[in-house]
1. What is the P(r) of the range 32-124, as percent of Cα-Cα pairs per 10 Å bin from 0?
2. Quick check: pseudo-label points 7 Å beyond the Cα along Cα→Cβ at K112 and Q183, how many nm apart are they?
3. Angle, helix 169-178 long axis vs. longest principal axis of the chain, Cα atoms, 0 to 90°, nearest 10?
4. Which pairs, out of K10/K55; K46/K94; K69/K112; K10/K108, put more than 22 Å between their alpha-carbon atoms?
5. May I ask you to give the solvent-accessible area per residue for the range 11-119, in square angstrom, as obtained with a 1.4 angstrom probe?
6. Please list, by residue number, every one of the GluC sites (Glu not before Pro) in the range 67-158 that is coil in DSSP and has at most 12 other beta-carbon atoms within 10 Å.
7. Express the carbon and sulfur contribution to the solvent-accessible surface of the range 128-203 as a percent, rounded to the nearest whole number, probe 1.4 angstrom.
8. For the full complex of protein chains and a 1.4 angstrom probe, list M140, M178, M28 by accessible area with the highest value first.
Amino acid sequence: IKTKPDVVQKAVHLDVLISNTSESDQSMELLISAHLVDKNSQKQLKDLRQNFLLKKGVNQLQLTYSLGKNAKLWSEYSPALYQLQIDIFQNGKKIDAQQSVFGLREFKTTGKSFVINGNKTFLRGRHDACVFPLTGYAPMELNEWLKYYKTIKEYGFNHVRFHSWCPPEAAFEAADLMGVYLQPELPYWGLIENQPSHPVTQF
């Protein structure tokens, strides 16, 4: 499930890949459900049911799921998250299910300013060069990254630049929960040669 939040429509656009491993086309029913997860609420949203004919092989479905006119936006001040689940039924029997967690937000530039959900913001952050002297490697557990971002926010920061590296999945999960903007980068630090055939340019 790939989620594309739409702040204007208060909805999320979904790209769903479903593999039909049988030898023929199959009639399926999709049930899309979601609930808001934040400190104060776990509001359940209205379900969406749709029938599909899945062709043999890989199918790509594009759907739009409404979050309602009172949908909560995600930002550093209100890191509200939605947990979305898609169940697949065949002949009334559930045969598969997948989940995805996302925030309803739009981060872009307007003129020379960064804007989150229509409000100007300033990235106040730190440089993280993957230096973990006590262990020699970045933590992989969610709780460790929650502690890390808690310290970041106590200093008034809202942003972390991961210089020339990309942190593990737990770092992204914790940032979603804590309301922290991330800048992961490719694992390269140095000059890029102005030659199309150069290995670094190709990378």
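The values are calculated or read from the model by the stated rules, or taken from the named source; none is laboratory data. These numbers were taken from a predicted model, which means no experiment stands behind them. Glycine also receives a Cβ, built like all others from the backbone with ideal geometry; neighbour counts cover every protein chain displayed. For accessibility, only protein heavy atoms count, side chains too; no ligands or nucleic acids. Shrake-Rupley method; radii C 1.70, N 1.55, O 1.52, S 1.80 Å.
1. 13, 36, 27, 17, 6, 0
2. My value for the distance between the label points is 1.7 nm.
3. 90 degrees
4. As for pairs spanning more than 22 Å Cα to Cα, those are K10/K55; K69/K112.
5. On a per-residue basis, the range 11-119 sits at 61 Å².
6. Loop-located and lightly packed - E141.
7. 61 percent
8. M140, M178, M28
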